[in-house]
Amino acid sequence: MNEWEKVRLGDVCLFQNGYAFKSNDFIDTGDTYVIKIKELKDGNITIFDNSSKIKYANNLNKYEIKYNDILIALTGDPVDKGNPLSWVGRVSIYKNGFISLLNQRVAKFIPNTDKLNKLYIYYFFRNFENFFNLAQKATGSASQANISTKLLNETEIYLPPLDEQRKIADILGSLDDKIELNSRINSNLES
């Protein structure tokens, strides 16, 4: 850990905030999903039957979410609520094969240096202690907590060399893949 460097997130990545869609932008026959906070579920992006859609427009391309993008909920429950799955600051990875768009109060991590593996950031904040430390810095009321991109920029983390980041992300990714496979096998067996 001697080679691990203490950095501010803002020094190694940017944050793209979501677009403030209006309710009349959402249509049943839209061709593009809009990822809201509710779709960030337990580390993944879950598309629901009632997930919002819009007709894609070229002026929205900076809000695109693509495969393996890492998203963070900027609004959610404070840490004193009992369910970490609804807390502010939860991260999720986008594993869908189609492009979606960011809604407001959801942000995307965008590495701005070759010293950062974005999957490492995902697993860093999936670690409960790191997630809790971020979520408890949120501001707001007892019913809704908020994290700003300014707070994210100032958040300090320890960053190992890039090859170690890749190894960490690969190992944890393999474990996630095995857990997902076992869950599908169990579901099939139950059927």
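The values are calculated or read from the model by the stated rules, or taken from the named source; none is laboratory data. The structure displayed is predicted, hence computed values, not measured ones. Note: ideal-geometry Cβ built from the backbone for every residue, glycine included; neighbour counts use all protein chains shown. Ligands, DNA and RNA are excluded from the accessible area calculation, which covers all protein heavy atoms including side chains. Shrake-Rupley method; radii C 1.70, N 1.55, O 1.52, S 1.80 Å.
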Margin query: Being open to solvent by less than 80 Å² (accessible area, probe 1.4 Å) and outside any helix (DSSP H, G or I) is the filter here; which residues of the range 152-182 pass it?
Written below: Thr155, Ile157, Leu159, Pro160, Pro161
Next item on the list: State which residue is farthest from Asn44 (Cα to Cα) when the search covers only the range 116-151 and only residues that are of a type in the set (D, E, K, R) and part of a helix (DSSP H, G or I).
Entry: Lys150
Margin query: Looking at Ser52, Ser86 in this structure, which one is more than 30 Å from Trp4 (Cα to Cα), buried (at least 19 other Cβ atoms within 10 Å of the Cβ) and not charged (D, E, K, R)?
Written below: Ser52
Note to self: If I ask for residues that are surrounded by fewer than 22 Cβ atoms within 10 Å (Cβ to Cβ) and under 18 Å from Asn153 (Cβ atoms), which ones from the range 89-106 would you list?
What the structure shows: Val91, Arg105
Notebook entry, point to check: When the residues of the range 28-46 are filtered to those that are out of contact with any strand residue (DSSP E or B) (no Cβ under 6 Å at 6 or more places or on another chain) and of a type outside the set (Ser, Thr, Tyr), which remaining residue is farthest from Thr155 (Cα to Cα)?
Noted result: Asp28
Notebook entry, point to check: Name the pairs: first residue in the range 74-101 and at pLDDT 95 or above, second residue part of a strand (DSSP E or B) and open to solvent by 70 Å² or more (accessible area, probe 1.4 Å), Cβ to Cβ under 8 Å, at least 6 apart or on different chains?
Noted result: Ser92/Lys41; Ser92/Asn44; Ile93/Asn44; Leu101/Tyr19
Notebook entry, point to check: When Ala138 is evaluated against the numbered criteria (1) open to solvent by less than 60 Å² (accessible area, probe 1.4 Å); (2) without any contact (Cβ under 8 Å) to a residue 24 or more places away in the chain, which criterion, by number, is the only one it fails?
Noted result: (2)
Check: Just for the range 1-18: of the residues that are touching a Leu at 6+ places or on another chain (Cβ under 6 Å) and under 17 Å from Ile37 (Cβ atoms), which one is most open to solvent (accessible area, probe 1.4 Å)?
Finding: Phe15
Notebook entry, point to check: Taking interchain pairs and intrachain pairs at least six residues apart, which have beta carbon atoms under 8 angstrom, with the first residue in the range 175-191 and under 16 Å from Gly43 (Cβ atoms) and the second open to solvent by 90 Å² or more (accessible area, probe 1.4 Å) and part of a helix (DSSP H, G or I)?
Noted result: none
Note to self: I want to confirm something. Restricting to the range 23-49 and keeping residues that are touching a residue at least 24 places away in the same chain (Cβ under 8 Å) and hydroxyl-bearing (Ser, Thr, Tyr), which single residue is most open to solvent (accessible area, probe 1.4 Å)?
What the structure shows: Thr29
